[in-house]
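I have placed the structure first, in the form of structure tokens, so that the comments after it can refer back to it.
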Amino acid sequence: MDNKKVEKKIGGGKITGIIIRAAVITGSAFMIYWYLDSGFIAFGSVMGILIFTATAGCAVFLEPLKHLIGKIRKTKAGKAALTIFFILVGLFVIYAGTALGLMIYGSKNPPEDNATVVVLGCQVKGTVPSHTLRMRLDAAYDYLTAKPEAKAVLSGGKGDNEHISEAECMYNYLTEKGISPDRLYLEDRSTNTNENISFSEDVIKKNGLNENIAIVTDWYHEYRASIICKRLGYHCGAVSADTPRYLTAHLVTREIFALANEIIFR
């Protein structure tokens, strides 16, 4: 191979590398903006910002980073530490991708006809539903309208900054839209997803409701909810609500970690 061909090959490789690095930096910057746009300084957004800041930093400082890695690899301890680090990063990437796939899969699982709807609560702003809760309630309304024999358990307690319980807020919203009160049952003690479903189980048994369940929640939340239902011995399907776009990155990131916690520690 003559010198011109070698120089062309090297030049092409450099251009490809620059394009890839620019794409990584641009994509990371977009994701960081998406997390910031949620307006939440919480676990999901903080973890997401840290992950994509680190990703962008690696792309920006690639050459110094390669030099540092080369120095670390010169010792056995350093080489072992790097191997462990890259294995852990690889496993996390594989897990995150698998978790996202399972979330999508869980959101596509249809419920049985006239299943008992269990609406999982979400933030109430004073006495009115937040954007996310309203979208869940609209999904529940559509299902209850299409299945006139179905009944619903509205599950959610009262948070510190809420004037009424999430269950009462949901009841008010659905009855105002025309759902008959005698189709709605309130569970107003729960504070998390496990309690939502466990306490709703008590309401279902006490009132002799259909034990086939239709979980109404955001699409990304359906798979974890289904794990809890199956642990309690219930068959469940998904009635998935849309998630506000500006919140999606924050909430999906949080759910990736919450799902791991559910599988490993529950």
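Numbers for the structure displayed
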item	result
Pairwise label distance in nanometres, Thr83 with Asp242, each label 7 Å out on the Cα-Cβ vector	5.1 nm
Average Cα contact separation per residue, the range 117-161, under 8 Å, 6 or more apart, as relative contact order %	55 percent
Answer label for Rg and Dmax of the Cα atoms in Å (calculated), chosen among (i) 18.9, 63; (ii) 24.1, 85; (iii) 17.2, 48	(ii)
Length released on extending from Thr75 to Cys58, taking residue separation times 0.36 nm less the Cα-Cα span	3.9 nm
The chain, dipole about Cα centre (Lys/Arg Cβ +1, Asp/Glu Cβ -1), debye to the nearest 20	2060 debye
Heavy-atom accessible area ranking, 1.4 Å probe, most first, across Ser155, Ser240	Ser240, Ser155
By average C-beta atoms within 10 angstrom, highest first, the peptides 56-63, 109-116, 208-215, 72-79	208-215, 109-116, 56-63, 72-79
Cβ-based net charge around Ala80, under 13 Å, with every Lys or Arg adding one and every Asp or Glu removing one	+4
Net charge over other residues, Cβ less than 15 angstrom from the Cβ of Lys206 (K, R count +1; D, E count -1)	-2
In order through the range 188-202: 3J(HN,Hα) via Karplus (6.51 cos²θ - 1.76 cosθ + 1.60), integer Hz, x for Gly, Pro	10, 10, 6, 10, 8, 5, 4, 5, 3, 7, 5, 5, 5, 4, 4
Solvent-accessible area, 1.4 Å probe, carbon plus sulfur percent, for the chain	62 percent
Solvent-accessible heavy-atom area per residue, rounded to whole Å², over the range 110-192 at 1.4 Å	47 Å²
Dipole of the chain, positive end: most advanced residue of Ile227, Ser198, Leu88 [Cβ charges, Cα centre]	Leu88
Highest average packing first - 138-145, 172-179, 84-91, Cβ atoms within 10 Å	138-145, 172-179, 84-91
Taking the range 87-183 and dividing mean pair separation by its residue count, relative contact order in percent (alpha carbons under 8 Å, at least six apart)	29 percent
Restraint check, Lys147/Lys206; Lys177/Lys205; Lys158/Lys206, Cα-Cα greater than 25 Å	Lys177/Lys205
FRET efficiency for Glu112 and Lys177, using Cβ-Cβ distance with R0 set to 30 Å, rounded to 0.05	0.80
Length-normalised contact order for the chain - Cα pairs under 8 Å, 6+ apart - percent	23 percent
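The values are calculated or read from the model by the stated rules, or taken from the named source; none is laboratory data. Keep in mind that this is a model prediction, so the values were computed, not measured. Using ideal geometry, Cβ is built from the backbone for each residue, glycine included, and neighbour counts are taken over all protein chains shown. The protein model used for the area step is the full one, side chains on, heavy atoms only, and it has no ligands, DNA or RNA in it. Shrake-Rupley method; radii C 1.70, N 1.55, O 1.52, S 1.80 Å.
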